[in-house]
Amino acid sequence: LLTGGPDLDPSTYGAPPHPELGPTDPVVDVFEIALCRHALRRRVPILGICRGAQLLNVARQGTLHQHLPELADGTVEHRQSLPGTRTSHEVRVAPDSSLAQTTGGGPVQVNSFHHQAIDRLGFDMRAVAWSQDGLIEALEEQDGRFVLGVQWHAETLVSDAEQLSLFERLVEATRHPGQPAPRERRGSD
């Protein structure tokens, strides 16, 4: 489980810092990227949340947008003022994705607390959810095993079956690491 946190240092993906870059912790970044790459090599199931999704992308040599207010068209509030237990926008989910199979398909209501977002996708990753303004909100590994990053904080929304299913799926995937994702949605029973 790759968790949220401060901005990733742009030196981790070869970019100069933006003037509006938030606080970073380069030592933690280097450690977590190495940990993520090791887990990927060992075919360990991964769920990345917010910064964790960004880190997963950078670990696969992808890049990030450093300051969303320059990109966003104002239709989506990516740094909501509502508590994390409340959703603020919808994401469109690719119907042929592991994410859709996990959450039951269709759009998902999410919260949003991010300053950075995925720009260029990393190797073997594909975008599988987008906000109304076109930003990537989720990515997953192309080979079908459970390697998923979501831009929202699903951990604060687990009272919703769609969000809880992400964690149930991670637990199930750890029982059979390296296996392709099951095709049906996992229930909470």
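The values are calculated or read from the model by the stated rules, or taken from the named source; none is laboratory data. Small disclaimer: the values here were computed from a predicted structure and weren't measured. Cβ: placed from backbone, ideal geometry, glycine included. Neighbour counts: every protein chain shown. Just the protein is used for accessible areas: all its heavy atoms, side chains included, with ligands, DNA and RNA removed. Shrake-Rupley method; radii C 1.70, N 1.55, O 1.52, S 1.80 Å.
Points worth noting:
- Number of the exception - residue 83 against (1) more than 28 Å from residue 12 (Cα to Cα); (2) at pLDDT 95 or above: (2)
- One residue from 107, 6 being open to solvent by 40 Å² or more (accessible area, probe 1.4 Å), out of contact with any Leu (no Cβ under 6 Å at 6 or more places or on another chain) and without any contact (Cβ under 8 Å) to a residue 24 or more places away in the chain: 107
- Total residues in region 110-134 satisfying the condition of being part of a loop (DSSP other than H, G, I, E, B), under 16 Å from residue 58 (Cβ atoms) and not acidic (Asp, Glu): the figure is 7.
Listed here are the residues, each with its yes/no results for (1) within 19 Å of residue 143 (Cβ to Cβ); (2) under 18 Å from the mean Cα position of the chain (by Cα).
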position	(1), (2)
4	no, yes
62	yes, yes
66	no, yes
70	no, no
89	no, yes
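Listed here are the residues, each with its yes/no results for (1) among the acidic types (Asp, Glu); (2) touching a Leu at 6+ places or on another chain (Cβ under 9 Å); (3) closer than 17 Å to residue 126 by Cα.
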{"residue": "137", "(1), (2), (3)": "yes, no, yes"}
{"residue": "140", "(1), (2), (3)": "yes, yes, yes"}
{"residue": "144", "(1), (2), (3)": "no, no, yes"}
{"residue": "147", "(1), (2), (3)": "no, yes, yes"}
{"residue": "151", "(1), (2), (3)": "no, yes, yes"}
{"residue": "156", "(1), (2), (3)": "no, no, no"}
{"residue": "161", "(1), (2), (3)": "no, no, no"}
{"residue": "164", "(1), (2), (3)": "no, yes, no"}
{"residue": "174", "(1), (2), (3)": "no, no, no"}
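- Cβ-Cβ under 8 Å pairs, at least 6 apart or on other chains, region 110-125 side more than 21 Å from residue 146 (Cα to Cα) and of a type outside the set (Gly, Ala, Ser), far side modelled with pLDDT of 90 or more and assigned to a strand (DSSP E or B): 116/64; 116/65; 119/64; 119/65
- Residue match in region 74-81 (condition: in a helix (DSSP H, G or I), farther than 24 Å from residue 167 by Cβ and either of a type in the set (Val, Ile, Thr) or without any contact (Cβ under 8 Å) to a residue 40 or more places away in the chain (or both)): no
- When the test is whether a residue is crowded, with 20+ Cβ neighbours inside 10 Å and at pLDDT 95 or above, residue 64 passes it.
- The residues of region 137-161 that are open to solvent by 20 Å² or more (accessible area, probe 1.4 Å), closer than 15 Å to residue 97 by Cβ and either touching a residue at least 60 places away in the same chain (Cβ under 8 Å) or of a type in the set (S, T, N, Q) (or both) amount to a single one, 142.
- Condition check for residue 175: out of contact with any Asp or Glu (no Cβ under 9 Å at 6 or more places or on another chain), open to solvent by 70 Å² or more (accessible area, probe 1.4 Å), of a type in the set (Lys, Arg) and modelled with pLDDT under 95: yes
- Residues of region 30-59 that turn out to be more than 19 Å from residue 147 (Cβ to Cβ) and crowded, with 18+ Cβ neighbours inside 10 Å, as a count: 0
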